[in-house]
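First the structure, in the form of structure tokens, and then the observations on it.
Bear in mind these aren't lab numbers, they're just calculated from the coordinates by the rules spelled out. Quick caveat, the model's predicted, so the values are computed rather than measured. Quick reminder, even Gly has a Cβ in these numbers, built from the backbone with ideal geometry, and neighbours come from all protein chains shown.
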Amino acid sequence: MMDSRTERRVPGRVKEVTSLSNPIVKDIKALALKKFRDQQHAFMAEGLKLVIDALDSGWKIKTLVFAKAGRGNAAVEKTAARTVAAGGLVLQVSEKVLAAITRRDNPQMVVGVFEQRYLPLKDVEPAGSDVWVALDRVRDPGNLGTIIRTADAVGAKGVILVGDCTDPFSVETVRATMGSIFSVPLARADAETFTAWRRGLSALVAGTHLKGSVDYRSVDYSTKPVLLLMGNEQQGLPGSLAEICDTLVRIPQAGRADSLNLAVATGVMLYEIRRNALPMEGKIDA
């Protein structure tokens, strides 16, 4: 039985926890590992704004964790009430517990645990001026998170993960998305399934490749939906995926660097593809 000194009920169906040995706390801490994220079909998101954005976007919250200092904060208490109404658990924890959960010395005041969500690849049907990004074996969480954030910024419809990619629901990737994980649909498939799906696709499939003979700025991306296919950080697009592209493009370089970072190259491509669709005036993001 749990020691009453480390766990008690507080108003509003909130459970107060101060012990690191609490089994719920242990389960949340375990989400730092992909094995347990997959087992629980869950992931963590840090920060009150991200949690609110996720709830506003219809994501299912399993647990809301907030620091004791958040007690009395109207926004935190409203979010706690929304969590309870959605069937989730609310924990009020000590700073020590929150630091252990987030693995940060100065953690955010609020952490949400959400169910993972993937869109079935068969349901991805680009139409009109839609733009999708497909990433082959992306390995770096920072790159993936930045690409998801950039896809959100330009109004792309979603990201498809092909092959053995880094986990989009890792703590590092979620942090790098800055909340865009809740706005950008994700699909995933092995290379064979993706290739079969592409055969039935009515879209311009453009890939970046070191052997690309076409300047990325010279392609007309406005005639049909676009699928942008980007390769692995070290190896680029393999021949099997390069072959299914309608056009292979290159991004010219004037300096001595022999390649661009994957997230940077994807950003360059997305802004060119969406150039005519983006407003001349709008938010400026630093």
Going down the table (Lys35/Lys122; Lys15/Lys68; Lys15/Lys96; Lys34/Lys62), which pairs top 20 Å between alpha carbons? Lys35/Lys122
Looking at region 197-286, which GluC sites (Glu not before Pro) are in a loop (DSSP not H, G, I, E or B) and have at most 12 other Cβ atoms within 10 Å? Glu243, Glu281
What dipole magnitude, in Debye to the nearest 20, does the chain give about its Cα centre under +1 on Lys/Arg Cβ and -1 on Asp/Glu Cβ? 960 debye
If the cut-off is a Cα-Cα distance under 17 Å, which lysines reach Lys60, setting aside same-chain residues fewer than 8 apart in sequence? Lys49, Lys78
Based on DSSP, what percent of beta bridges with both residues in the chain are antiparallel, to the nearest 5? 35 percent
Under 27 Å between alpha carbons, and skipping anything fewer than 8 positions from Lys211 in its own chain: which lysines qualify? Lys224
Grab the beta carbon distance between Ser240 and Ala30, set R0 = 35 Å, and tell me the FRET efficiency rounded to 0.05. 0.45
D for the chain, whole µm²/s, Stokes-Einstein with Kirkwood Rh over alpha-carbon pairs at 4 °C and 1.567 mPa s: what number? 63 µm²/s
By how many nm would the segment from Ala257 to Lys78 grow when fully extended, if each residue of separation counts as 0.36 nm and the alpha-carbon distance is taken off? 59.4 nm
Quick one: of the DSSP bridges fully inside region 7-115, what percent are antiparallel, nearest 5? 65 percent
On C-alpha positions alone, give me the angle between the axis of helix 262-273 and the longest principal axis of the chain, in degrees, nearest 10. 60 degrees
In units of 2.2 N^0.38 Å, the Cα radius of gyration of region 133-178 is 1.02
